[in-house]
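Q: Just passing along the structure, written as structure tokens.
All of the numbers you see were taken from the coordinates with simple rules; none came from a lab. Since this is a predicted model, take the numbers as computed values, not measurements. Ideal geometry is used to build each Cβ from the backbone, glycine not excepted, and the neighbour counts take in all protein chains shown.
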Amino acid sequence: MSHFVAPSLLAADFLHLDKAIDLVNTSEADWFHLDVMDGSFVPNISFGQFIIEQIAGRAEKYVDVHLMIDDPSRYIDSFARAGASGLTVHAEACTHLHRVIQQMKEAGVKAGVALNPHTPVSVLENVIEDLDLVLIMTVNPGFGGQQFIYQSIPKVRQTAELITTHNSRALIEVDGGIGEQNAAKVLEAGARVLVAGSSVFKSDDPAEAIRRLKHIDAN
Ligand code: DX5
Ligand code: ZN
């Protein structure tokens with residue numbers, strides 16, 4: 001089964017966002033990954049519905065929206081209306097995670113849950129059957145360009161086991177510090193979606209960086 005590549009626009013040049021979007025559209029990438037940060041759940045502020053609506057209007061691929069915000073239930077409907085194909089909320093940010101997952105489904109988007117590096121996979125035991133995506137954070141969320149945390153690899157494997165045991169359709173996405181140096185390892189552990197910000201947009205040839213990630217084989 002081949003994997004998906006999801007470039008994160010966080011690392012793109014925001015003065016020329018049109019170019020970054022067209023680059024992803026014409027590249028071998030599969031998804032757009034859009035990082036929403038609220039300055040509360042994470043120490044950084046990025047962008048919200050207004051920008052996403054404009055990106056989604058130009059994007060010709062799946063729009064994967066990663067909500068790093070407190071109490072995301074307040075905003076599920078508005079991000080769905082902005083053009084997200086799938087939304088991912090953080091388990092740590094939801095008091096009633098089960099309810100938020102149902103809310104995403106009712107809004108007509110794919111439902112994802114993200115786990116911070118310190119959050120055990122077991123928090124998903126009672127919801128895994130309802131999920132389309134599990135996002136394993138491979139850095140602490142909030143910033144692009146951080147170092148990959150190697151303890152995430154056994155965690156990806158544990159997530160894959162949970163998914164198999166419960167016969168869930170959820171895809172495993174990894175996010176943070178992903179590049180050619182670790183992609184094969186996370187794929188081998190069971191990841192199916194590779195988010196890549198810096199390793200794509202800070203490279204000299206982003207389309208080529210995407211192509212390489214797309215053609216990496218799990219070893
Ligand atoms: C981090 C974000 C990531 C970020 C990844 O909090 O969720 O999606 O853009 O950037 P890199 O690939 O540079 O670690
Ligand atoms: Zn992200």
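Q: Step by step: first the residues of the stretch 186-201, then only those that are part of a helix (DSSP H, G or I) and touching a helix residue (DSSP H, G or I) at 6+ places or on another chain (Cβ under 7 Å), then the one that is surrounded by the fewest Cβ atoms within 10 Å (Cβ to Cβ). Which residue is that?
A: We begin by selecting, within the stretch 186-201, every residue part of a helix (DSSP H, G or I); these are 186-189, 198-201.
Okay, now just the ones that are also touching a helix residue (DSSP H, G or I) at 6+ places or on another chain (Cβ under 7 Å), so 186, 189, 198-201.
Numbers: VAL186: 26, ALA189: 20, SER198: 18, SER199: 26, VAL200: 31, PHE201: 21.
Only one residue tops the list, namely SER198.
Q: How many of the residues making up the stretch 125-148 are touching a strand residue (DSSP E or B) at 6+ places or on another chain (Cβ under 8 Å), within 16 Å of ligand 1 (Cβ to nearest atom) and in a loop (DSSP other than H, G, I, E, B)? Quick ask: steps written out before the conclusion?
A: In the first step, residues of the stretch 125-148 are kept if they are touching a strand residue (DSSP E or B) at 6+ places or on another chain (Cβ under 8 Å); the result is 127-128, 130-139, 141-142, 144.
If we keep only those that are within 16 Å of ligand 1 (Cβ to nearest atom) as well, we get 133-139, 141-142, 144.
Subsequent filtering for residues that are in a loop (DSSP other than H, G, I, E, B) retains 138-139, 141-142, 144.
Residues flagged as touching a strand residue (DSSP E or B) at 6+ places or on another chain (Cβ under 8 Å), within 16 Å of ligand 1 (Cβ to nearest atom) and in a loop (DSSP other than H, G, I, E, B) within the stretch 125-148 amount to 5.
Q: Here is a follow-up. If the requirement is being of a type outside the set (Val, Ile, Thr) and farther than 19 Å from ALA6 by Cβ, which of these qualifies: HIS66, HIS33, HIS96, HIS90?
A: Values: HIS66 fails: farther than 19 Å from ALA6 by Cβ; HIS33 fails: farther than 19 Å from ALA6 by Cβ; HIS90 fails: farther than 19 Å from ALA6 by Cβ.
Answer to the selection: HIS96.
Q: Would you mention how many residues in the stretch 18-61 are without any contact (Cβ under 8 Å) to a residue 40 or more places away in the chain and among the hydroxyl-bearing types (Ser, Thr, Tyr)?
A: 2
Q: For PHE79, only one of the following conditions fails: (1) assigned to a strand (DSSP E or B); (2) crowded, with 22+ Cβ neighbours inside 10 Å. What is its number?
A: (1)
Q: May I pose another question? Kindly check whether there is at least one residue in the stretch 3-17 that is more than 15 Å from ligand 2 (Cβ to nearest atom), of a type outside the set (Asp, Glu) and closer than 18 Å to ALA170 by Cβ. Walk me through it before giving the result.
A: Applying the first criterion (more than 15 Å from ligand 2 (Cβ to nearest atom)) to the stretch 3-17 yields 3, 13-17.
Narrowing further to those that are of a type outside the set (Asp, Glu): 3, 14-17.
So of that shortlist, the ones also closer than 18 Å to ALA170 by Cβ come out as 3.
So far as the stretch 3-17 goes, yes, one or more of its residues are more than 15 Å from ligand 2 (Cβ to nearest atom), of a type outside the set (Asp, Glu) and closer than 18 Å to ALA170 by Cβ.
Q: Can you work out which of the residues in the stretch 202-219 that are surrounded by 21 or more Cβ atoms within 10 Å (Cβ to Cβ) and in contact (Cβ under 8 Å) with a residue 40 or more places away in the chain is farthest from the chain's Cα centre (by Cα)? First the steps, then the outcome.
A: So in the stretch 202-219, the residues surrounded by 21 or more Cβ atoms within 10 Å (Cβ to Cβ) come out as 206, 209-210, 213.
Keeping just the survivors that are in contact (Cβ under 8 Å) with a residue 40 or more places away in the chain gives 206, 210, 213.
Details: PRO206: 18, ILE210: 16, LEU213: 15 Å.
The selected residue is PRO206.
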